[in-house]
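No lab work stands behind these numbers, since they all come straight from the coordinates. Computed from a predicted model, the values in this text were never measured in an experiment. As a convention, Cβ positions derive from the backbone with ideal geometry for all residues, glycine included, and neighbour counts pool all protein chains shown.
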Amino acid sequence: MSSASDANIEYIDWNHALDILDKAYQLGIFVLIIGPKGTGKTTLVRKFATQTRKELSSVNFSLRTRESHLIGTNTIDNGQINFVNGVLVHSMTQGDLLYLDELNAAEPDVLLRLDEALDDRRQIVLKEFHGQTIKAKDNWFVIGTINPLSHVGTKELPPQILSRFPIRIMLDYPPEETEMEIIRKHVSVSNLTHEENVRSAIKLASNLRKAASLEEIFYSPSLRETIAYSKLVTSGTNAKEAAEIVFANVYHQWGEIEYRKVMDIIASIFI
């Protein structure tokens, strides 16, 4: 569920994604947001929920996500069998904004039950509870997100699921100047030296992302990394050392050659 803290969430809508979400909501057309990790997909959805004043019901899919998480389970209370709604059924009955995060990490049986609810009838039959039919409220809205297939645990979505989300937003990493603006929302960049170092880190992150997209390296740094770097250098950490800590060390898990590649890029930027 959404929380009161979400009301103050910061989001820079650099590609007009909020406008597209708003239009889709008005038209009752579900939306799929596509993009690599750390580009602000979840932040965008949370911001949209606050703008539309809708409760946010969320599912983060993985191999461990079961039908019961979506649909619900039977419980016994004082000898009485009751049905406790799962996230999907709860959102349908309440007219919430349902956020299906990392949808392409879901198992086929889970997607099958989800598909039933997402078709034009917007209803689901509870085979788990006397065959009761649940019909969604008219203001029920669904946003899904998927990561690229290079992301661990992801797989192609079946065509019938893709067709349930006719509006698709591509959310990539922002332009470098926009990334600087985002960082300023989280970190006080108070002097020229700090600003130069942060801009160098953004350039480094951009180079690493391009290399990862071309499969020259294994990992693409997110906005979280440039924000973390900025916090380190503005608190007194040496710029090059901070770059190694935040950007380079993670590549050790792919071996010394991979790590050295990134350290060479860092050495070319942080003289």
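Annotations
- Fraction of beta bridges assigned by DSSP in the chain that are antiparallel (%, nearest 5): 35 percent
- Extension gain (nm, one decimal) between MET170 and GLU256, 0.36 nm per residue minus Cα-Cα: 27.6 nm
- Per-residue ellipticity at 222 nm, computed for the chain from helices alone with -39500 (n - 2.57) per DSSP H run of at least four residues, works out to -12500 deg cm²/dmol.
- Two-site FRET efficiency, THR178 against ARG66, from Cβ-Cβ distance with R₀ of 30 Å, rounded to 0.05: 0.20
- Helix axis angle, 17-27 relative to the chain longest principal axis, alpha carbon, degrees: 10 degrees
- Each residue of segment 157-206 gets 102 Å³ once the volume of the Cα convex hull is shared out per residue.
- Dipole in debye (nearest 20) - the chain, about Cα centre, beta carbon charges: Lys, Arg +1; Asp, Glu -1: 320 debye
- Sorted on the mean count of surrounding Cβ atoms within 10 Å across their residues, most packed first, peptides 119-127, 243-251 read 243-251, 119-127.
- With respect to the chain, whose longest principal axis is taken over its alpha-carbon atoms, helix 108-118 is tilted by about 70°.
- Normalising the average separation of contacting C-alpha pairs (under 8 angstrom, six or more residues apart) by the number of residues puts the relative contact order of segment 176-269 at 28 percent.
- In nm, spacing of pseudo-spin labels at HIS16 and THR93 (7 Å Cα→C-beta vector): 4.1 nm
- Segment LEU112..LEU162, full-extension length gain: 16.8 nm, with 0.36 nm per residue of separation and the alpha-carbon distance subtracted.
- Its convex hull of Cα atoms gives segment 176-269 a direction-averaged projected area, equal to a quarter of the hull surface, of 5.5 nm².
- Here the residues TYR229, TYR25, ranked from fewest to most Cβ neighbours within 10 Å of their Cβ, fall in the order TYR25, TYR229.
- Spacing of the two label points (7 Å from each Cα toward its C-beta) at GLN80 and THR50, in nm: 4.0 nm
- Cβ-Cβ FRET estimate between THR237 and SER206, R0 fixed at 22 Å, reported to 0.05: 0.55
- Distance between the C-alpha centres of segment 2-76 and segment 194-218: 28 Å, rounded to the whole angstrom.
- Helix 256-269 vs. the chain, principal-axis angle (Cα, 0 to 90°, nearest 10): 60 degrees
- Dipole moment magnitude, nearest 20 debye, segment 84-173 about Cα centre, only Lys, Arg, Asp, Glu C-beta charged: 260 debye
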